[in-house]
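Contents: one structure, followed by commentary.
The values are calculated or read from the model by the stated rules, or taken from the named source; none is laboratory data. Predicted model, so just to flag it, every value in this text is computed and none were measured. Cβ atoms come from the backbone with ideal geometry, glycine included; neighbour counts cover every protein chain shown. Each accessible area value is taken on the protein alone, full model and side chains, heavy atoms only, with ligands, DNA and RNA left out. Shrake-Rupley method; radii C 1.70, N 1.55, O 1.52, S 1.80 Å.
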Amino acid sequence: MSIRTIEDVQEAVRATKRFRPVGLRTKTSFLPDSGGEELSLAELTGIVEFEPADQVVVVLAGTPIAELQEALKEHDLCLPLLSPNEFPASVAGFPGTVGGLLAMNLPHGLQAQAGGPREWTLGLQVVRSAGTVAKCGSKVVKSVAGYDVHKLFVGSRGELGVIVSATLRALPIGALPLDSVDLLDDSHEPCYIQRTLRSEFDDAVQTAERIQAIDRASCTIWCDDEPSKTAEGWVIGPRGYRRRTPQPSYMEARAKELFNPDGKFVPGWAE
């Protein structure tokens, strides 16, 4: 089925028992082989609304990051991501589509200075398991609309619903901060990404094997081999590998009970 509109996504969700959304597949190495029918959103593209003066853009989920960056550049704006033409894909956040960027929420080389996708997301439209569209968030930076439910979907890997459009806050290109990344080796896929406490960062770097890059500002390490355990922090890696403290795992399980009780959504959005 060709998916070109939000209505197409709704129809596909109603007709499919178990599926995973996909885009340009730049992040497949981070997802488990969980089965389910593929739902490609690669044709669900385009900018819906754009207010350059407000630095806010509403964009469909299948839109490639590269295309969005070009459109923003015409108004001296951008999403604060490092260019994959100048940095390894891992440090640039494995850019693919808008939906995958948000659903995976991977670290990038400007994270400490400019925040991550969760911080740039002002609102979302999400198709739920019954095929209905849920809207959350707003189009303004300072919102008093209530709970930031949209932030729950950022980093959910598509397991809570299908992100179909996003309202994003852009940054003036002239205000783009300098990166703080030390590149130590060429990027290889798949890789492990580790985030530690500041007090544990130096020890984690000393024990890590085949490091690709480190970012001291955000205490992030990209490496080829599984890193050793630290008291706090987390690790994500190939084939859905994740290592976290118990609290996030509990919160994730509760969110799935509420938004995906029948297991219809499986890990997807491989960009």
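What number goes with the only condition from (1) open to solvent by 20 Å² or more (accessible area, probe 1.4 Å); (2) hydroxyl-bearing (Ser, Thr, Tyr); (3) free of Cβ contacts under 8 Å to residues at least 60 places away in the same chain that residue 63 does not pass?
(1)
Being farther than 19 Å from residue 167 by Cα and among the hydrophobic types (A, V, I, L, M, F, W, C) is the filter; apply it to region 91-126 and report the residue that is nearest to the chain's Cα centre (by Cα).
Filtering region 91-126 for residues that are farther than 19 Å from residue 167 by Cα and among the hydrophobic types (A, V, I, L, M, F, W, C), the one nearest to the chain's Cα centre (by Cα) comes out as 94.
Looking at region 4-21, can you tell me whether even one residue there is in contact (Cβ under 8 Å) with a residue 12 or more places away in the chain and on the phi > 0 side of the Ramachandran plot?
No, region 4-21 contains no residue that is in contact (Cβ under 8 Å) with a residue 12 or more places away in the chain and on the phi > 0 side of the Ramachandran plot.
Take region 1-33 and flag every residue that is open to solvent by 30 Å² or more (accessible area, probe 1.4 Å), under 24 Å from residue 94 (Cβ atoms) and part of a loop (DSSP other than H, G, I, E, B).
24, 25, 26, 32, 33 - these are the residues of region 1-33 that are open to solvent by 30 Å² or more (accessible area, probe 1.4 Å), under 24 Å from residue 94 (Cβ atoms) and part of a loop (DSSP other than H, G, I, E, B).
Can you tell me which residue in region 1-33 is nearest to residue 156 (Cα to Cα), limited to those that are small (Gly, Ala, Ser) and over 19 Å from the mean Cα position of the chain (by Cα)? Steps first, answer last, please.
Narrowing region 1-33 to residues small (Gly, Ala, Ser): 2, 12, 15, 23, 29.
Restricting the remaining residues to those that are over 19 Å from the mean Cα position of the chain (by Cα) gives 2, 12, 15.
Working: 2: 24, 12: 20, 15: 22 Å.
Residue satisfying both the conditions and the ranking: 12.
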